[in-house]
1. Against the 2.2 N^0.38 Å scaling, with N counting residues, where does chain A land? I'd like the Cα-based Rg ratio to two decimal places.
2. Report the Rg/Rh value for the stretch A:15-68, based on alpha-carbon coordinates and the Kirkwood definition of Rh.
3. Looking only at A:67, A:48, A:17, which one moves most when chain A is put into a Gaussian network model with springs between Cα atoms under 10 Å?
4. Say each of residue B:97 and residue A:102 gets a label point 7 Å from the Cα, pointing the same way as Cα to Cβ; how far apart are those two points in nm?
5. Across the protein assembly as shown, how large is the tail of the calculated P(r) beyond 25 Å, expressed as a percent of all Cα pairs?
6. Suppose the chain between residue A:53 and residue A:20 were pulled fully straight at 0.36 nm per residue; how much longer would it get relative to their current alpha carbon spacing?
7. Please give the per residue volume of the convex hull enclosing the alpha carbon atoms of chain B, rounded to a whole number of Å³.
8. Which residue fluctuates the most in chain A, going by a Gaussian network model with Cα springs under 10 Å, if the choices are A:22, A:55, A:63?
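Please treat every number below as a calculation from the coordinates, not as lab data. All figures in this text were calculated on a predicted structure; none of them were measured in a lab. Cβ sites come from the backbone with ideal geometry, for glycine too, and all protein chains shown count toward neighbours.
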């Protein structure tokens, strides 16, 4: 158990809908990261928040948005869903800003299926 | 553009033998590399890392080798155990001041008893 929790574990929805994925970081961690893993692909970095502020942005679609709240939990909002958005979405957290020695601990993921 | 590549989707080895997982990268600016291990229904777990100023880092049964001129790294597991059966991801640290990790596609290792 990494200490990072993600809810829900599974989500099935229809095209055009909007969903929210939730992540609670390990106690004391200030950074939260979101990654997307599509079928047979590696994890793709989406976005990083550090202490409530956006720190880094990857190939995140405009239909996707995220935020980190004062209690440090984070939410990833996916809207106007398409079939291709079906994937595993991982959240990770780390203590610091994401330097090379700042280990990222991953949650178990949320499996999103868009029908 | 896949900056980190793991060209072998799967690898099968006998228990007790050596497992060698390979990874190539294209960006010569990458200066820190990591290996993560992932079991089904779990998130990736950090395994071992290496800085570009080194060519080898060892932690118990796990050793990572880095060949900067070839832009290649490998993970050696000796001896392999059935519990090592998992998906192994190679990753590069993409930025010096953020936590952006760039992952390869992963290699599924099966260690047979």
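1. Numbers: Rg = 13.2 Å, N = 115, 2.2 N^0.38 = 13.4 Å.
This ratio for chain A stands at 0.99.
2. Numbers: Rg = 12.2 Å, Rh = 12.4 Å.
My calculation puts Rg/Rh at 0.98.
3. Maximum fluctuation in the GNM of chain A, among the listed residues, is at A:17.
4. Simple spin-label model gives 1.2 nm for this pair.
5. Details: 10286 of 25878 pairs.
Cα-Cα pairs in the protein assembly as shown separated by more than 25 Å: 40 percent.
6. Computed gain between residue A:53 and residue A:20 is 10.0 nm.
7. Numbers: hull volume 11.5 nm³, N = 113.
Taking only Cα atoms, chain B has a hull volume of 101 Å³ per residue.
8. Sorting by GNM fluctuation, first place goes to A:63.
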